[in-house]
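*Asks:* The following block contains the structure, expressed as structure tokens.
Computed from the coordinates by the stated procedures, all read-outs in this text should not be read as laboratory data. Everything numeric here is computed off the predicted structure, so don't read it as measured data. Note that we place each Cβ from the backbone using ideal geometry, even for glycine, and neighbour counts take in every protein chain shown.
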Amino acid sequence: MAQTSMVDRGTKKSMIEKRDKPPMKLKTKRTMVAYSFLAIPLLFFLCIRIYPTLYSFSMSFSSQYGEGFTMENYQQLFKDEVFWKSVWNTCKYVIITVPIQMALGLLIALALERIQHFRWFYRMIYFLPYITSVIAVSWVWRLMFEPSVGFFNELIGWFGLPSQKWLSDPKLALFCICAVMIWQAMGFSMLIFMAGLQGIPKQLYEAAQIDGAGRWKMFWKITLPLLNPTIVFLAVTGVISALQTFAQIQSLTASSGASAGGPLNSTVSIVVYMYQNAFSEFNMEYASAVAVVLFIFILLVTLLQMKVLNKSYEY
């Protein structure tokens, strides 16, 4: 009996403690649920992104022959003529493609803003190349660049111009790849610019019209300044994408017996050069050094863009 009464007292004590214990706040519960949902993606990100990046940094300071810490890869890299050629070609891709695709995207967006009927159809037509497979697009353009049966030689033939070896000519190959990149990316620029244009208050244009401002002046004084956040976003993402150009070059210039980046390394980019060293030459340490340099290059260019292009604005 005494033992039973002790058990009952213990049970009553635990029940009183549970009753007196303050309930968990709703905010705390929501925080715990949020962290539990984020745990798996965070773990995946750490394993797939962070660890390979850190390992690549470590590998870049290793030798291909298993030696310890060394700067040999970076010393060789800065003396490598093909690497500097790839850097210059990558800069060309950025300088040519990003401004043109943004300008065309803005022009198309401004034109579609004035269309009342079937706007969705034209928007779909221009955006379709962006969501199409890069490999499929590149192979279609490769057929059009064919010297014997390609569309472009047929086109210039109508004007009495001689046929060109588009992708086999060191002077033309890079511009051909730039044309493919611009054609595929301008639809994305168009869509983002349309979203930016719809965010500009219409009252500003109405007030400018009352003051006697023309369309050109309204574009320079209202549209372009208030599109600054959109321009910064497209410039940063466009430059990063151009600095990582690979699929178009690989699909358009690689052929049987010849690696991508030809002819005479006239189209090779940093990523293509990194790929060749990693998976053709199997020199992972040297390829890691190229990847580290590319990472630093992208970081510096992005910070410079954010500093130069990002300006304060107000309605």
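*Asks:* Taking only the stretch 148-180 into account, find how many residues are in a loop (DSSP other than H, G, I, E, B), more than 14 Å from THR253 (Cα to Cα) and either hydrophobic (A, V, I, L, M, F, W, C) or in contact with a helix residue (DSSP H, G or I) (Cβ under 6 Å, 6 or more places away or on another chain) (or both).
*Replies:* Residues that pass the stated criteria total 6.
*Asks:* Something else about it: State which residue pairs qualify: first residue surrounded by fewer than 13 Cβ atoms within 10 Å (Cβ to Cβ) and inside the stretch 125-136, second residue assigned to a helix (DSSP H, G or I) and of a type in the set (Ser, Thr, Tyr) in any location, beta carbons under 6 Å apart, and separation of 6 or more residues or different chains.
*Replies:* Note: pairs meeting the criteria are ILE135/SER251.
Quick grid of which residues meet (1) of a type in the set (Val, Ile, Thr); (2) touching a helix residue (DSSP H, G or I) at 6+ places or on another chain (Cβ under 8 Å):
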| residue | (1), (2) |
| --- | --- |
| SER63 | no, yes |
| THR70 | yes, no |
| MET124 | no, no |
| PRO129 | no, yes |
| SER133 | no, no |
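*Asks:* Next question. Output the residues belonging to the stretch 256-269 that are of a type outside the set (A, V, I, L, M), surrounded by fewer than 22 Cβ atoms within 10 Å (Cβ to Cβ) and either touching a residue at least 24 places away in the same chain (Cβ under 8 Å) or in contact with a Lys or Arg (Cβ under 7 Å, 6 or more places away or on another chain) (or both). Even if it seems obvious, please write down each step before you answer.
*Replies:* We begin by selecting, within the stretch 256-269, every residue of a type outside the set (A, V, I, L, M); these are 256-257, 259, 261-263, 265-267, 269.
If we keep only those that are surrounded by fewer than 22 Cβ atoms within 10 Å (Cβ to Cβ) as well, we get 256-257, 259, 262-263, 265-266.
Residues satisfying the conditions are GLY262, PRO263, ASN265, SER266.
*Asks:* Report yes if some residue within the stretch 301-310 is in a helix (DSSP H, G or I), closer than 27 Å to SER86 by Cβ, in contact with a Ser or Thr (Cβ under 8 Å, 6 or more places away or on another chain) and not small (Gly, Ala, Ser); otherwise report no. Steps first, please.
*Replies:* Step one: list which residues in the stretch 301-310 are in a helix (DSSP H, G or I), which gives 301-309.
Narrowing the set further to residues that are closer than 27 Å to SER86 by Cβ leaves 301-309.
With the extra rule that they be in contact with a Ser or Thr (Cβ under 8 Å, 6 or more places away or on another chain), the set shrinks to none.
No - not one qualifying residue is present in the stretch 301-310.
*Asks:* VAL140 - would you say it is aliphatic (A, V, I, L, M), without any contact (Cβ under 8 Å) to a residue 60 or more places away in the chain and in a helix (DSSP H, G or I)? Walk me through how you get there before you give the answer.
*Replies:* Details: aliphatic (A, V, I, L, M): yes; without any contact (Cβ under 8 Å) to a residue 60 or more places away in the chain: yes; in a helix (DSSP H, G or I): yes.
For VAL140, the condition - aliphatic (A, V, I, L, M), without any contact (Cβ under 8 Å) to a residue 60 or more places away in the chain and in a helix (DSSP H, G or I) - is met.
*Asks:* So if I check each of VAL236, VAL272, VAL232, which one is surrounded by 15 or more Cβ atoms within 10 Å (Cβ to Cβ), more than 23 Å from MET102 (Cα to Cα), under 19 Å from the mean Cα position of the chain (by Cα) and touching a residue at least 60 places away in the same chain (Cβ under 8 Å)? Talk me through it step by step, then tell me what you get.
*Replies:* Numbers: VAL236 fails: more than 23 Å from MET102 (Cα to Cα); VAL232 fails: more than 23 Å from MET102 (Cα to Cα).
One residue alone meets the criteria, VAL272.
*Asks:* Scan the stretch 241-255 and give yes if some residue there is surrounded by 20 or more Cβ atoms within 10 Å (Cβ to Cβ), within 18 Å of the chain's Cα centre (by Cα) and among the β-branched types (Val, Ile, Thr), otherwise no.
*Replies:* Checked against the condition, which is being surrounded by 20 or more Cβ atoms within 10 Å (Cβ to Cβ), within 18 Å of the chain's Cα centre (by Cα) and among the β-branched types (Val, Ile, Thr), the stretch 241-255 yields at least one hit.
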